[in-house]
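Shown next, in C-alpha cells, is the structure this report addresses.
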Amino acid sequence: MVVPHGSGSSRAVEVSQTVVKALLGIGSVVVLLFLVLGGTALSRGINVTRSRALERENRLLSGEIQRLRERLVGLRDTMNVFGEREQALRLLAGLTPTDREVQQAGIGGPSGAWSDRDSLSAAGPNGSQALAARVDMDQLTRRANILVRSISEAYDSLSSHRDRLAATPSIMPTKGWLTSAFARERAHPVLHLSRPHEGIDVTAPMGAEIEAPAAGVVTQVLWVEGYGNMLTIDHGYGLVTRYAHCSKILVVRGQRVKRGQKVALVGSTGLSTGPHLHYEVWVNGRPANPMKYVLPDAIVD
C-alpha cells in the first residue's frame, strides 16, 4: 500500500515472488562483482607496490654487488703485492720461492661443489654477479691462507737463523795480543813437550775483562789441572767455548749469558807463564781455530 501525505487516494502495488527473487539475484551478482573487482584492484595495487619495492631492492643489491667486486679487484692487487713480498722474504730466509701457480691457489673442477650454485646462476644478472663475487672471494681466501702458511714458515726460518747467529761466537773475548795460535803441535812453554794447542793464547793485563763471544749457557765453572780456573759456555748448535787461566769467574753454572757480557777476568792460574787467556772453540765435539769465529766489528754490530 502506498499512502500519500496529502489528500490523495492510496494505491496498492503488487510484486510477485519471481520479481523479488530476480531482484535479489541481480543484487547479489552486482555485490559479488563489486567484491571481486575490488579485491582484484587491491591485490594488483599490492603487487605493484611490492614489485616496485623489489625493483628498488634489486637496484640496491646490484649496486652493492658491483661495489663489492670493485673492492675485490683492489684486494687482489694488494694480495699480489703481498705475494711479491712473500717471495722476497722466503729468499731472505733461505727457502725456495713459492711456485707462481701455487700462489694462484686454483682448485679442480669447473664449478666447485656449492649447493646453491645453480640457484645463483638462475637468479638473473644479480645472481650471476653474486656468483662471480663468491668465486673471487673464495680464491682470495685460498691465496691468503697459502701466504699465511708461507710467511709463517719464512718467519720460523728467520728466527732460527737469528738464534743461530746470536749463538755463534763472533768477537775476541778479551783485548790483548795473540801470543800463541791454534796448532796441531806446539812446544808447551812450561812442560817443554810437543802437544796439540787446541785454542789460542791472548796476553792481557791481569784482571782484564773476558766477554762472552756469543749467547749461551754456562755449563762448567771449575778448576782443571793445567788450565786453572776454567769456564765453559754451551752456545747450542754444537758450539762450545772454553776460557782458561782465569783469575776470577763472574758467572755461575746454569746462568744464561749474551754476547759481550762480562763472564770472567784474565789471570795466570794453572800452568801459565803470565797473565793471559787461553780461549778454545769446539764444534760438534772437535776443537776449531777460534780465529775463524772472530769477525770484524762492522759485521758484529
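FYI, it's all coordinate maths here, none of it is from the lab. Owing to the predicted nature of the structure, the values given are computational and were not obtained by experimental measurement. All Cβ positions, glycine included, derive from the backbone under ideal geometry; neighbour counts span all protein chains shown.
The Rg/Rh ratio of the stretch 177-300, with Rg taken over Cα atoms and Rh as the Kirkwood radius over Cα pairs, comes to 0.94. Measuring spread by the Cα atoms of the chain yields a radius of gyration and Dmax of 47.7, 171 Å. Of the residues TYR279, THR241, ALA208, the one whose Cα sits farthest towards the positive end of the charge dipole of the stretch 177-300 is THR241 (charges of +1 on Lys and Arg Cβ, -1 on Asp and Glu Cβ, taken about the Cα centre).
Relative contact order of the chain: 13 percent, from C-alpha pairs under 8 Å at least 6 residues apart in sequence.
Phi angles of the stretch 39-47 translate, via the Karplus equation with coefficients 6.51, -1.76, 1.60 and θ = phi - 60°, into HN-Hα couplings of x, 5, 4, 5, 4, 5, x, 5, 5 Hz per residue; Gly and Pro are given as x. Here the dipole of the chain is about 620 debye; that uses its Cα centre as origin and unit charges on the Cβ of Lys and Arg (positive) and Asp and Glu (negative).
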